[in-house]
1. Based on Cβ point charges of +1 for Lys and Arg and -1 for Asp and Glu, what charge dipole magnitude is obtained for the protein assembly as shown about its Cα centre, in debye rounded to the nearest 20?
2. For the protein assembly as shown, just list the percent of Cα-Cα distances falling in each 10 Å bin from zero outward, please.
3. Which percentage, to the nearest 5, of the DSSP beta bridges contained in chain B is antiparallel?
4. Quick one: compute the contact order of chain A, relative version, from alpha carbon pairs under 8 angstrom and 6+ residues apart, as a percent.
5. Using +1 on the beta carbon of Lys and Arg, -1 on that of Asp and Glu, and nothing else charged, what's the dipole of region A:205-348 about the Cα centre, debye to 20?
6. With both partners inside the protein assembly as shown, how many of the DSSP beta bridges are antiparallel, as a percent to the nearest 5?
7. Which peptide among B:269-282, B:76-89 comes first, and what is the full order, when sorted by highest mean count of other Cβ atoms within 10 Å?
8. Using the per-residue mean of other Cβ atoms lying within 10 Å as a proxy for protection, in what order, highest first, do the peptides A:417-426, A:296-305 fall?
Amino acid sequence: MQPTNTRDPQYYHKVVDCQWACPAHTNVPEYIRLIAAGRFTESYLLNRKSNVFPGILGRTCDRPCEPACRRTRVEDEPVAICRLKRVAADLRDDVSDFLPAAPTEKNGKKVALIGAGPASLTVANDLMPLGYEITIFEALPKAGGLMRTNIPSFRLPVRVLEEEIDYILDMGVDIRFDHRIDSMKKLLDGGEYDAVFVGTGAPKGKELNIPGRQEADANIHIGIEWLEAIHFGHVDAVGERVLVIGVGNTAMDCCRSAKRLGGKQIKVMARKSRPYFKASPWELEDAEDEQVEILVNHSPASFVVEDGRLTGMMFDLVEWKENEKGRLVSTKLDEVFIPADDVVLAIGQDNAFPWIERDIGIEFGEWDMPVVDRATFMTTREGVFVGGDAAWGPENIIWAVEHGHQAAISIHNYCEGKSVTERPPYGMNLVSTKMGIHEWRYSNDYDANLRTEMRYEDLEKRLADMMVEAELGFDLGQASREVERCLNCDIQTDFSAKLCIECDACVDICPVLCLTITHDGEEDDLRNRLTAPAENRDQALFASESLPQTGRIMVKDEDLCVHCGLCAERCPTAAWDMMQFDLLNPHAGTESWPTTAITV
Amino acid sequence: MSYIAKPAARHPQMPRNAIGLTPRDYEGSMSTLCAGCGHDSVTAALIQAFFELAVEPHRVVKVSGIGCSAKTPTYFVSEAHGFNSVHGRMPSVAAGANAANRELLYVGISGDGDSLSIGLGQFCHAIRRNVNMLYVLENNGVYGLTKGQFSASADIGSLSKAGVANRQGPIDPVTLALSLGATFVARSFSGDKDQLVPILMAGMRHQGFAFIDVISPCVTFNDHEGSTKSYAHTRTHMHEVVETDFVPLKAEIRTKYDEGSVKAVTLHDGSTVRLRKTDPEYDPGDRRAVLDYLGATAAEGEVATGLLYLEGTEDDMHSFENTVDAPLVNVPFDTLCPGSAVLDEIQEEWR
Ligand SMILES: Cc1cc2nc3c(=O)[nH]c(=O)nc-3n(C[C@H](O)[C@H](O)[C@H](O)COP(=O)(O)OP(=O)(O)OC[C@H]3O[C@@H](n4cnc5c(N)ncnc54)[C@H](O)[C@@H]3O)c2cc1C
Ligand SMILES: Cc1ncc(C[n+]2csc(CCOP(=O)(O)OP(=O)(O)O)c2C)c(N)n1
Ligand code: SF4
Ligand code: SF4
Ligand code: SF4
Ligand SMILES: [Mg+2]
């Protein structure tokens, strides 16, 4: 096997499972250690550098990091990464002195951002400090996009949302509310802007065209529009019996909102069974805790209207089986009527660009979506960029943020006359954590505690008021317990072959059988003859250069390493060291890294 | 020594043996030896051997004397019985325990100082008595625990850490054991578990005294250039004479060696040890020839390793002494101590 090049920052990056899985590559283990040290402000700022909205995301993030967490492979439950982010946000001091600021002297470039969701806000966050003049056009009277209009206040208090949005707008962003762009051509032809970014999201809720739809219209609501109407106070009541169609995250917000608007019997109607639900497990749990009923295998057939008023819906009761091609097909078993006063449709969102003319050099492709480059976020018209849900359909906040970062890099390049494909370099800092023979700069003692449970507001209290936040967040005791569950995956086992005397001490001590000294071979062959077979192909094998005494190699399966540092502690020659890895993740304006950093 | 406990986390695919235990169930407490000590590797090899043989932890007796090596029983099979005796006196304790209960598995761990300096007499008599036990001598050429003085196994000319050459002749425990009539004599290296583990397994199953001299480098006091017990020196001078494959009772014989060069020896419990000679002239069943061979290779500065001599026998201390079959705990008290009336009768006989 080719000796592993651990000097490529992406090798160690991949070992930090959460950071690798986070679209914005948030340095999770370091922010958790900062929380452990009580340094909440630093932890908050470290988060903010990558994900821009730690307070918002600490409550609402889709958490791609958690299923990736190493802890899920060593035991069942991941570290409560997201909830710890909220701890940093809740307990931080005033951060205003540490936030990026815009220079008074501008660089002479003007950029227009359409829509004030997280994607556009991130572009503004990255470009304002570089001297750009930014104008945001927002159709609604407030900023935040779906974070504001669709994520209900009982999950995300307005105070938290506004504070983090204001950190960006207060840099001097020119934001024009109630200003819908209805002609891209007009905007571009105006020639006022050096670049334009489209962050308009996926604003159209999907329809359910079955019999009775028109007749019952008064009591049928499109989920995302309905949530927005609730947010702006246009809707403040709902019937007693509510059916929510669909079982994704939007459905969860709809059913929980209905509960708070006075709904008594709330039913979420799912076409399939539980394993196929789109909603995150924790959102399903929260909804069920609030006495929302979830019915499976109910396929909507028609709306039933009597005397011009909706009385309920007919459903086909179905059973799902895989056909020969492995596709799920349903068989109808029966029909049922379920009474309802209101129905909320939460079956997905579509993009819509009626305001972008098709003859201005912005090419549209499949599903009538603009053609956007995956790396540069530029459309086929130079200087026009797209990101967030507008680019490839609905995702989530953290993806919108990462799109914003990448688009900002491209916009900066474009405005500087550089090629947008020229991406700034990644780098890393590697610093030994050794303090003494058996002391390290991190808590290497494995903590077998199970995941800390969230505390919730009393059910009656929270259902009585839309504005009462359901989750209370971790208290200090819970936080200090949960931080210890982190395995410090960024503290890397760094190996120097030339120092190894092949005493086997590291191989013998490793609690999870990561290490093997053996003769070289191809990866497939090696994976089968290690101390324990390395069956998880998603995880890398480290292979050293040949060892001085026997010419064999040191192999490490990265899969289950708990970063306990015992290999390094038991090594007589310090051939293993525990090195803190810090990914240097470039943003707009990064040209190079300090010479002490390792770059490729 | 590490301040933290070994993480409770385990590999989800960790194997289980016939009695449902994993290798980690045969561990003891965290080692307090220097990082890189050969003795810790021997401990790891022992854990593997116990695991593979599916030994019940509570049926094991660990005995040792004094020394870094003698500390190691603490680091394996924490559920076993154990006795840490005075320096060099482990063989007596082992013999006594074995006399009382012959059904347990006795594992003695000693050092070159413990066995060849202060405890040489004890060591020799345990061999002569043929105590049924596995005797592991972790040989590093120095008194590790007392900071690296030459022991009785140090070679002439081997340099101390301070650069002084040893001038007293070494005692070779392997030739000593052979000349005292041991029926299982091996030498191995802590850095070669492929070789060591099957020998340990065979030793645990051997009836009678099973002796293994394990070169086990002291990283702190005897791993420098000029030492003949360092990792590097052992690796360059080690010569494997016989490769050992242990085939437990009932297991299918699927050996890695071609049949021609193999000598199979059946042990008391029916398991088989298959020895493959790397030198066709070598006969691991001919005591005198083995002694000659070892003399010749030692003169060349070579370290001959492997299960060098093996005799499958039925004998041990109990058969010599014609003792009762049952462990003494299972012998009813009236039988064990028939009372003064019986004593009077016996004495009457000899009046
Ligand atoms: C009910 C619901 C709950 C969700 N919950 C979560 C969650 O818990 N966690 C999570 O990570 N994600 C969640 N999401 C998804 C997340 O909100 C979006 O992925 C994210 O907000 C997309 O950001 P964006 O910047 O691309 O666009 P958006 O947030 O959609 O913002 C687009 C903005 O552009 C404006 N706009 C649109 N067209 C024009 C125009 N022509 N001119 C001017 N302005 C215009 C809109 O008014 C809007 O303010 C949820 C989505 C929904 C629907
Ligand atoms: C009766 C007695 N004499 C001397 C000592 C001091 N002493 C402790 S350990 C040791 C030598 C141990 O050497 P070895 O058996 O080779 O063990 P190692 O530490 O090298 O593994 C000596 C002499 C003692 N503890 N007891
Ligand atoms: S840090 Fe070292 S000893 Fe600990 S689990 Fe990882 S490889 Fe094994
Ligand atoms: S403990 Fe150190 S010297 Fe020993 S085998 Fe491992 S890396 Fe090599
Ligand atoms: S002194 Fe030597 S023998 Fe003792 S623990 Fe340290 S390295 Fe091992
Ligand atoms: Mg010694």
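The values are calculated or read from the model by the stated rules, or taken from the named source; none is laboratory data. What you see is a predicted model, and the numbers here were worked out from it, not measured in a lab. Note that we place each Cβ from the backbone using ideal geometry, even for glycine, and neighbour counts take in every protein chain shown. Side chains are part of the model used for accessible areas, which takes the heavy atoms of the whole protein and leaves out ligands, DNA and RNA. Shrake-Rupley method; radii C 1.70, N 1.55, O 1.52, S 1.80 Å.
1. Working: 93 positive and 141 negative charges, 196 e Å.
The dipole magnitude comes to about 940 debye.
2. 2, 10, 16, 17, 14, 12, 10, 9, 7, 3, 1, 0, 0, 0
3. Numbers: 19 of 49 bridges.
The antiparallel proportion sits near 40 percent.
4. Values: 1261 pairs, mean separation 103.3, N = 600.
Relative contact order here is 17 percent.
5. About 420 debye.
6. Values: 66 of 126 bridges.
Antiparallel: roughly 50 percent of the beta bridges in the protein assembly as shown.
7. Working: B:269-282: 16.3, B:76-89: 18.4.
For the peptides B:269-282, B:76-89, the packing ranking is B:76-89, B:269-282.
8. On the way: A:417-426: 13.5, A:296-305: 19.2.
Ranking, from highest mean packing down: A:296-305, A:417-426.
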